[in-house]
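Working notes, structure below.
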Amino acid sequence: MTTELDVQESAVDEIDSTEPADLVEEQPSLAPARWTRVLAFGALPALALILALGAGFLKWQDGTARSAQTAGTESVRAATESTVAILSYRPDTVDTELPAAADRLTGEFRDQYTHLIDDVVIPGAKQQVISAVASVPAAAAVSASARHAVVLVLVDQTTTIGTAPPTKSTSSVRVTLDKVENRWLISQFEPV
């Protein structure tokens, strides 16, 4: 019987000694379950939100950059065409060419240009038989946004007065444009 008792006691000791170890192992398994919930319901949605906001910001940046690039291209073309239009005329058509070119201008510059052509250029071109031909061999955007642009234009102009030989001149002009009703119009024209 003693051996039987010893076996029973050792079995009880084994059970007693294994129970706390099992309990100790179960308690740590609750902690990872909490962290899993925190990760699943807190950190992952926050990460998804941050990624979505980052993607939205990058999309906005891309749209802004493309808009500025398009504005730059359009404004350079408008500055080039408008510069040629406001600086080119012939004595027999000056009264129609230059007023038509004024439609490419806006603001105070349009008013100043209109007064200049009405008071000086048109009468002078008719009386002295003056013709001018302008060309733009180079132009580049200095800055451009969706509604405002600055373009640097290199202008070659050939002027003929009566029967005298033509005079050639080259100048650089800083052209400021504003977008008015989907048209790029010159608001400033400053020789540099």
Distance (nanometres) between label positions extended 7 Å along Cα→Cβ at Ala100 and Gln127: 2.6 nm
Cα-projected label distance for Trp60 with Arg110, points at 7 Å along beta-carbon direction, nm: 3.4 nm
Gain on full stretching of the segment that runs from Asp178 to Leu49 - 0.36 nm per residue minus C-alpha separation: 42.6 nm
q = 0.17, 0.20 Å⁻¹: log10 I(q)/I(0) that the Debye formula gives for region 57-192, counting C-alpha atoms only: -0.89, -1.14
√(5λ) per eigenvalue of the Cα gyration tensor, region 114-188, largest first, Å: 29, 17, 8
Rg in Å to one decimal, and Dmax rounded to a whole Å, for region 85-135 via C-alpha atoms: 10.3, 30
Likely footprinting exposure, Ile117, Ile186, Ile50, fewest C-beta neighbours within 10 Å first: Ile50, Ile117, Ile186
Signed unit charges on C-beta, dipole axis of region 27-153, positive-most listed residue Ala78, Val94, Ala33: Ala33
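Here, each number is a calculation from the coordinates, and none is a lab measurement. Given the structure is predicted, the values throughout are model-derived calculations rather than measurements. All Cβ positions, glycine included, derive from the backbone under ideal geometry; neighbour counts span all protein chains shown.
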